[in-house]
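Comments concern the structure below.
The values are calculated or read from the model by the stated rules, or taken from the named source; none is laboratory data. Quick caveat: nothing in here was measured; it's all calculated off a predicted structure. Using ideal geometry, Cβ is built from the backbone for each residue, glycine included, and neighbour counts are taken over all protein chains shown.
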DNA sequence: AGCCGTATCGTTACTTTATAACATACGACC
DNA sequence: GGTCGTATGTTATAAAGTAACGATACGGCT
Ligand SMILES: [Zn+2]
Ligand SMILES: [Zn+2]
Ligand SMILES: [Zn+2]
Ligand SMILES: [Zn+2]
C-alpha cells in the first residue's frame, strides 16, 4: 500500500495506541458487543500505524504472530470495527484508519495527503449541514457519507 | 455490478446519448486531445446506461462488437475520460458515470440511491465552499474531491 | 456439570477490480 | 524512408474482496 512516500511522520506513541484500545474496550462493553482478540488485534494494528492501511497490509502484519491467518478473518474484523465506528474506510485509497472520536457515530470528512499519507479526520458542521441541505432539497435520505479530499497537507507544501 | 434492483428507470434516450457524444467530440477537439474510437465507445456505453457501470460491465458490453478486447484497453479509456472530465468515478461503487457538465472541470457531489441505482450529480456551491474552508483552515491544498452520499432517492422512499 | 443455540473463527477456493510489462500499429514530421 | 510520440493489443499478474462450509468457542439454561 505505502500511501506516503516523501516525509516520515512519527508513529502514534504506544501510549496513545493503548489508550485507544482501552476506550474501544470500554465502548464495546457498554454496547454489549465483543471486542474479541482478533478484532482487537486488527484495531491495534490500525491504531499503531501513522498511515491508512489496506486489508492486506493488516493481514501481513498479523501474520508475524499468526502465520496462517487468512483474508476473511481480517475483513470480518474490519466489518465489525466499521459497524462499531471504531475505524473508518477511505474509499479512495481502499484503506482503513482509526477513528479519533469513536464514542458516538458521526459523519467525517477526510483530508488525505498524497505526499506523506497523513489523514486528517474533520467533523465540520458546515460541511455536514450543507450536504444534508443538498440531499434534502432532492428528497434524498442519506444513510452513509463518503467525503474525502486528496491533496497536499500544510507540511508537505512547505 | 447491477447497482439498482427495485425500480427500473428509463434508459437515457438515444438522442441524449448522441448529444453527449457530440459535445464530447467538440470539447476534445477544442482541447487538442483525441477522442479515439475506443474512448468514444467506452463513453457511449457509459452514457447509454441509466446506472453506474463497472469497468468489467463496460468490457462485457464492448465485447459484443470486439470479442478480444481486454481490461487495460477499457481502463486506459476510462483514465482518459476521467482526465478530460467526461466521466466521474464513484469510489464507493467502483463504478463510472457520465458527467452532465463536461464543458469545464468541477467538483461534484453524488447522491446514490442504493435501491434503484440512480445517481444524482450535484454542484452545490455551499458544499464546495464549506469543504474549501475546512481544508483551508488546515492549510490543506485539495487536488481532488470525492463526495458521495449513499441512501434512498425520493422515488424509492415513496 | 452437560446441553443447546448462536457468534466467531478457520479454511479453501474463488470473484472482482486494477495494473505491469512488453509488443505492435499508426500518423506526424523531417 | 526513418524516427518519434501516442494509442492499442496482448499476456500475465497483482490487489481487493467474498462465498461457502465446517469447526470451535461462548453464554444461557437446566
Ligand atoms: Zn471518526
Ligand atoms: Zn503531507
Ligand atoms: Zn460532472
Ligand atoms: Zn431510488
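Before moving on, here are some points about what is shown:
- Positions within segment B:62-103 being in contact with a strand residue (DSSP E or B) (Cβ under 8 Å, 6 or more places away or on another chain) and within 15 Å of DNA strand D (Cβ to nearest atom), in sequence order: B:78, B:81, B:82, B:86, B:87, B:89, B:90, B:91, B:92, B:93, B:95
- Test: residue in segment B:135-146 that is more than 7 Å from chain A (Cβ to nearest Cβ), farther than 17 Å from residue A:114 by Cα and away from ligand 4 (no atom under 16 Å from the Cβ): yes
- Residues of segment B:136-158 that turn out to be buried (at least 21 other Cβ atoms within 10 Å of the Cβ) and without any contact (Cβ under 8 Å) to a residue 24 or more places away in the chain, as a count: 1
- Segment B:73-113, residues that are surrounded by fewer than 16 Cβ atoms within 10 Å (Cβ to Cβ), closer than 16 Å to residue B:41 by Cα and in contact with a helix residue (DSSP H, G or I) (Cβ under 7 Å, 6 or more places away or on another chain): B:75
- The criterion of being more than 7 Å from chain A (Cβ to nearest Cβ), in a helix (DSSP H, G or I) and either within 16 Å of ligand 4 (Cβ to nearest atom) or under 27 Å from residue B:31 (Cα atoms) (or both) does not hold for residue B:93.
- Test: residue A:47 is over 21 Å from residue A:153 (Cα atoms), buried (at least 19 other Cβ atoms within 10 Å of the Cβ), away from DNA strand D (no atom under 11 Å from the Cβ) and modelled with pLDDT of 95 or more: no
- In segment B:108-134, the residues that are in a loop (DSSP other than H, G, I, E, B) and at the interface with chain A (Cβ under 9 Å from one of its Cβ atoms): B:114, B:124
- Residue check: residue A:54 meets all listed conditions (1) on the phi > 0 side of the Ramachandran plot; (2) touching a strand residue (DSSP E or B) at 6+ places or on another chain (Cβ under 9 Å) but one, namely (1).
- Matching option when the condition is touching a residue at least 12 places away in the same chain (Cβ under 8 Å) and under 24 Å from residue A:120 (Cα atoms), among A:31, A:40: A:40
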